[in-house]
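One structure below.
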Amino acid sequence: MPTRDLSLSLRDRGILGLLSLLTLLFERLSIDRSIALGASLGRAWSRLGGPRTGRVSSQLEAAMPNEDLEKRRLWASEVFIHLGRGLAELIVLRGKRRAELLGRVEVEGLEHLATAEEKSSTGGLLIVMAHYGNWELACAKVVELGIPTSIVYRESENPLLDRMSVGVRLPGPGFVSENSDLEQIPMGRAGIRFVRALKAGRKVVVLLDQDADREEGVFVTFFGRPASTRSGPLALALRLGIPVLPTFIRRSPDGRSHRLEIQPALQLEPGASGDQEVLRRNTQRVTAVIEKEIRRSPGQWIWTHRRWRTQPRPARDEPVPQ
């Protein structure tokens, strides 16, 4: 595997120094005060019109044009408050109170894992998530439960930020762990390791709510608009006879605790590996489940992402009707 340049630029050193200071600060605060501080920073970012606030507002308007303007404004503010809380929680995860924070995550639906394992050809499962709620906290909780998990993630262009995000999923402070329950697979070279993990009976986590390059995705309808969506994980899972389970984490109204919900395996059409229309319909089914969950709490999805950036060419690549 090619190594990445991990030399630190002046900017990276500044980020690392700031993160270290915040970690020390949050070690002195209670978890509740840390989360409240993160929420305040996110609220200020929204009110001051920081970067990406305009994008969030415009994407909410395009996705839910029939919703009341004040409601959309509230959701737009909640996006940044939620991100601020999430940042605080990620910093806490790096410190000594990791177990205390993970104890605030209530897990529902473990019985669906057991049921799906019995139907799986290998015992492996495909866990479909989204950038909704504190998804990194969800991954950390699954690892804490001792479930053999492989996480497919998109590498950051910044090696330092990538290393930090990888490290926060580990079961202890720092960036290195010998814990065999967690495998992290960079998206760009995931194919062979993805299949190997499923054949080994592992639970493979993928997030299928990001814009996909035209060559690696199919167009489906998401909030009423065409959205290019990665279909490879579904095609491989169905070819191997692997059940697909939607799983979401949602912050409770009190802002302090979370509920991780593992849903029953989806009833998808067989034959996706050889039939593009079947694959498209299956990808649409998964995307519809993700949209339904986001509509439960729109302020907890990452509306900062340009989800609809890739669009169909005229008279081609049309999404399937819902």
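Details
- Tally of residues being aliphatic (A, V, I, L, M) and surrounded by fewer than 19 Cβ atoms within 10 Å (Cβ to Cβ) across region 269-301: 3
- Condition met for residue 245 (assigned to a strand (DSSP E or B) and of a type in the set (A, V, I, L, M, F, W, C)): yes
- Summed over region 61-87, the residues that are among the acidic types (Asp, Glu) and either touching a Cys at 6+ places or on another chain (Cβ under 9 Å) or in contact (Cβ under 8 Å) with a residue 24 or more places away in the chain (or both) give a count of 1.
- For region 100-151, the set of residues classified as touching a Gly at 6+ places or on another chain (Cβ under 6 Å) and surrounded by 21 or more Cβ atoms within 10 Å (Cβ to Cβ) consists of 124, 134, listed by residue number.
- Taken over region 25-53, residues that are loosely packed, with under 11 Cβ neighbours inside 10 Å, closer than 15 Å to residue 96 by Cα and of a type in the set (A, V, I, L, M) amount to 0.
- When 304, 310 are checked against the criterion of being buried (at least 17 other Cβ atoms within 10 Å of the Cβ), hydroxyl-bearing (Ser, Thr, Tyr) and in contact (Cβ under 8 Å) with a residue 60 or more places away in the chain, 310 stands alone in meeting it.
- Taking region 219-237 as the range and being at pLDDT 95 or above, more than 17 Å from residue 153 (Cα to Cα) and either part of a helix (DSSP H, G or I) or of a type outside the set (Phe, Trp, Tyr) (or both) as the test, the residues that pass are 220, 221, 224, 225, 226, 227, 228.
- Residue pairs whose Cβ atoms lie under 9 Å apart, separated by 6 or more positions or on different chains, with the first residue in region 2-28 and among the β-branched types (Val, Ile, Thr) and assigned to a helix (DSSP H, G or I) and the second surrounded by fewer than 10 Cβ atoms within 10 Å (Cβ to Cβ) and at pLDDT 75 or above, do not occur.
The values are calculated or read from the model by the stated rules, or taken from the named source; none is laboratory data. No experiment lies behind these values; they were computed from the predicted model shown. When we count neighbours, we look across all protein chains shown, and the Cβ atoms used for this are built from the backbone with ideal geometry, even at glycine.
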